[in-house]
1. Here is a list of conditions, (1) within 30 Å of ALA245 (Cβ to Cβ); (2) in contact (Cβ under 8 Å) with a residue 60 or more places away in the chain; (3) crowded, with 22+ Cβ neighbours inside 10 Å, and SER158 meets all of them except one; can you say which number that is?
2. Give the residues of region 218-236 that are assigned to a helix (DSSP H, G or I) and either touching a helix residue (DSSP H, G or I) at 6+ places or on another chain (Cβ under 8 Å) or open to solvent by 90 Å² or more (accessible area, probe 1.4 Å) (or both), sorted by residue number.
3. Among the residues in region 126-144, are any touching a residue at least 12 places away in the same chain (Cβ under 8 Å), touching a strand residue (DSSP E or B) at 6+ places or on another chain (Cβ under 7 Å), on the phi > 0 side of the Ramachandran plot and not in a strand (DSSP E or B)?
4. Looking at region 176-202 only, could you name the residues that are touching a His at 6+ places or on another chain (Cβ under 8 Å) and either more than 13 Å from ARG135 (Cα to Cα) or outside any loop (DSSP other than H, G, I, E, B) (or both)?
5. Taking the criterion of being surrounded by fewer than 21 Cβ atoms within 10 Å (Cβ to Cβ), within 24 Å of ALA160 (Cα to Cα) and under 18 Å from the mean Cα position of the chain (by Cα), would at least one residue in region 76-90 satisfy it?
6. ALA13: touching a Cys at 6+ places or on another chain (Cβ under 9 Å), farther than 28 Å from ASP180 by Cβ and open to solvent by 40 Å² or more (accessible area, probe 1.4 Å), yes or no?
7. Which one is modelled with the lowest pLDDT, of the residues in region 247-257 that are of a type in the set (A, V, I, L, M, F, W, C) and under 15 Å from MET99 (Cβ atoms)?
8. Which of the residues spanning region 152-193 are charged (D, E, K, R) and touching a helix residue (DSSP H, G or I) at 6+ places or on another chain (Cβ under 7 Å)?
Amino acid sequence: MSAPYESVAVETAGHVAQVTLIGPGKGNAMGPAFWSELPELFAELDADPAVRAIVLTGSGRNFSYGLDLPAMGGTLAPVLADGAMAGPRTEFHREVLRMQGAISAVADCRTPTVAAVHGWCIGGGVDLISAVDIRYASADAKFSVREVKLAIVADVGSLARLPLILSDGHLRELALTGKDIDATRAEKIGLVNDVFADADATLQAAHATAAEIAANPPLTVRGVKDVLDQQRISQVSASLRYVAAWNAAFLPSKDLSEGIEATFAKRAPQFTGE
């Protein structure tokens, strides 16, 4: 394994690697390091024949608060400028594709992945767990596809991958309202496989499943995943390309500025459709 990462910690025992989100943003928020390090890490894990399964979890009290807005504000700044022309929009489009690639690195990893979610899993956190193979949650877990409340169309994976996980009505309810749901609801609609008493029990269950996977013939396991993944590749890729272009064209708005300002001010936004 290469030098330590800033956004994740990696431990390997037996044939199972544990990847733990560590921030450095509050609530393991996803800042610049996360988006640059995740593809490198998962490529490294994917290339290691000793790693046959991966457990993904978060440090502290939460899985992830999602996008680190303070740290990533520079990504949105060019397109928020009045009269943003083709240059900044093209640069923003390129950045969206890069961020999509970070989550796709998890989805496309040939090594099976199991997420152990506790506490909050918001926005980018849901993008991330939508890319893993198996999802477990603790009883205190809460989930939110919250981008709509910032006047953002979720663009790095949730709207592309959740249609393969949830029913259409359940997904639309989450994405159009931005509501929070608890672990019980998440299990009922199929967002997570099972719910466990607490974070420790959830992590233990994830490791037990990962170990069960790792005990199977590794080439066959990769073959199973490859065949299953083949059924979704074209659909997900097309969706990701479309939303990246859509946001580059239509994301800049007064509502986006209002959503971000309201978030920092911890007040309810007042959207005007401008």
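1. Failed condition: (2).
2. LEU219, VAL221, ASP226, VAL227, LEU228, ASP229, GLN230, GLN235, VAL236 - these are the residues of region 218-236 that are assigned to a helix (DSSP H, G or I) and either touching a helix residue (DSSP H, G or I) at 6+ places or on another chain (Cβ under 8 Å) or open to solvent by 90 Å² or more (accessible area, probe 1.4 Å) (or both).
3. No - not one qualifying residue is present in region 126-144.
4. Correct list: ILE189, ASP198, ALA199, THR202.
5. No, region 76-90 contains no residue that is surrounded by fewer than 21 Cβ atoms within 10 Å (Cβ to Cβ), within 24 Å of ALA160 (Cα to Cα) and under 18 Å from the mean Cα position of the chain (by Cα).
6. Numbers: touching a Cys at 6+ places or on another chain (Cβ under 9 Å): no; farther than 28 Å from ASP180 by Cβ: yes; open to solvent by 40 Å² or more (accessible area, probe 1.4 Å): yes.
Judged against the criteria, ALA13 is not a match.
7. At the first step, the residues of region 247-257 found to be of a type in the set (A, V, I, L, M, F, W, C) are 248-251, 256.
Retained after the next criterion (residues that are under 15 Å from MET99 (Cβ atoms)): 248, 251.
On the way: ALA248: 91, LEU251: 87.
By that ranking, first place goes to LEU251.
8. So the first thing to find is which residues in region 152-193 are charged (D, E, K, R), and the list is 155, 161, 168, 172-173, 179-180, 182, 185, 187-188.
Passing the criteria: ASP155, ARG161.
The values are calculated or read from the model by the stated rules, or taken from the named source; none is laboratory data. Quantities reported herein were computed from a predicted structural model and do not represent experimental measurements. Virtual Cβ from ideal backbone geometry, glycine too; neighbours counted across all protein chains shown. Each accessible area value is taken on the protein alone, full model and side chains, heavy atoms only, with ligands, DNA and RNA left out. Shrake-Rupley method; radii C 1.70, N 1.55, O 1.52, S 1.80 Å.
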